[in-house]
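For reference, the structure discussed in these notes is given below.
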Amino acid sequence: MRTPSLLGVALFCLFAMAAATDDGSVSVEAQQYCASNFPKPCGEKNFEDWYKVGPYCAKYFNTPSSFPDAEFACRQKAAGGHLVSVHEEQANSDVLCIVNKYNYSSTRIWLGAMELFQSKKFIWTDGSLWNFEKWVPGQPDNTHNAEDCVEMNWKNTGLWNDDVCEKKKNFICSFKPGGRV
């Protein structure tokens, strides 16, 4: 029964966008949605504190890091690990719920996406297909020709923005059980 789930995700996004704050904190409505729709545990041995996000296992790290340092850290956390890639609305909501659980007052995080050589084309660091995006209106804008990495939760909760890769943000790592994207 997929329809109620999609309806719930749509309502969540409407609530989150309407009640998002400029500092990136999560609205009460988003917190309530996540309380009853939190992602399931990953189920992989030695990764019991990771959660299912689509076909991936994902974990939040409250360790402000530059984009390259965060990506490198993810590669050390799990075989096939990278910053999280997002391929559908439900996965985007799951990522937001994980962030909300671990740091509801400061939800800005790095996603595993970056612009390819200022081409206005974005790629996922895990090599998966770029088949979904959720930009803040007017983004990406590559301000001062210096924004090549993608964050989540700037101004509009659950939406994406391009930002300077050297800024330090918390992040979510992910890997696909079985090792292939």
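The values are calculated or read from the model by the stated rules, or taken from the named source; none is laboratory data. Since the model is a prediction, treat every value here as computed from it, not as a measurement. Every residue, glycine among them, receives a Cβ derived from its backbone with ideal geometry; neighbour counts consider all protein chains shown. When the accessible area is computed, the model is the full protein with side chains, heavy atoms only, and any ligands, DNA or RNA have been set aside. Shrake-Rupley method; radii C 1.70, N 1.55, O 1.52, S 1.80 Å.
Extension gain for residue 146 to residue 35 (0.36 nm times residue separation, less C-alpha to C-alpha distance): 36.3 nm.
Counting 0.36 nm for each residue step from residue 46 to residue 89 and taking away their Cα separation leaves a gain of 12.7 nm. Of all lysines in the structure, those lying under 22 Å Cα to Cα from residue 121, and not within fewer than 8 positions of it along the same chain, are 134, 167. Think of a 1.4 Å ball rolled over the protein heavy atoms: region 91-181 then has 45 Å² of accessible area per residue. Taking the charge dipole of region 61-133 about its Cα centre, with +1 at Lys and Arg Cβ atoms and -1 at Asp and Glu Cβ atoms, the residue from 80, 63, 113 reaching farthest to the positive side is 63.
Between residue 76 and residue 130, the modelled label-to-label distance comes to 2.9 nm, taking each label 7 Å out from Cα in the direction of the beta carbon.
Scanning residues 5 or more positions from residue 109 or on other chains, those with amide H under 5 Å from its amide H are 152, with H placed 1.01 Å from N in the peptide plane.
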